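All remarks here apply to the structure that follows.
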Amino acid sequence: LQKKKIWAILHSEKPPIKIPAAIVITRISPRALDSDDNLPMALKYIKDAIAEYFYPGLAPGRADDCAGMEWHYKQKKGQTREYAVNIEMSCES
């Protein structure tokens, strides 16, 4: 479900970002996750959808291995029952 929603947003909005790019994915929720293991895993499908936007046609889950994308993960405390994701993309200089 997460992957489909991100895919739909990217393909409808068509952000003008080119590779190489830095991508920051921020998870917003009432409870924080362990930043070393759980946070990256919780955002895996979102990362896959973003990578597939830049590198379409590869086998599922393979696009995020491609060079040119620098991934960063953050988390922010949300209100009770607040669950969201913020994605920031910028072209590297």
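The values are calculated or read from the model by the stated rules, or taken from the named source; none is laboratory data. Owing to the predicted nature of the structure, the values given are computational and were not obtained by experimental measurement. So basically every Cβ, Gly included, is an ideal-geometry build from the backbone, and we count neighbours across all protein chains shown. The protein model used for the area step is the full one, side chains on, heavy atoms only, and it has no ligands, DNA or RNA in it. Shrake-Rupley method; radii C 1.70, N 1.55, O 1.52, S 1.80 Å.
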Residue check, residue 35 of a type in the set (Ser, Thr, Tyr), touching a strand residue (DSSP E or B) at 6+ places or on another chain (Cβ under 9 Å) and open to solvent by less than 70 Å² (accessible area, probe 1.4 Å): no
Six or more apart or on different chains, Cβ atoms under 7 Å: show the pairs whose first residue is in the range 77-89 and under 22 Å from residue 51 (Cβ atoms) and whose second is open to solvent by 60 Å² or more (accessible area, probe 1.4 Å) and modelled with pLDDT under 95. none
Of all residues in the range 52-82 being at pLDDT 95 or above and either among the small types (Gly, Ala, Ser) or open to solvent by 80 Å² or more (accessible area, probe 1.4 Å) (or both), which is nearest to residue 35 (Cα to Cα)? 74
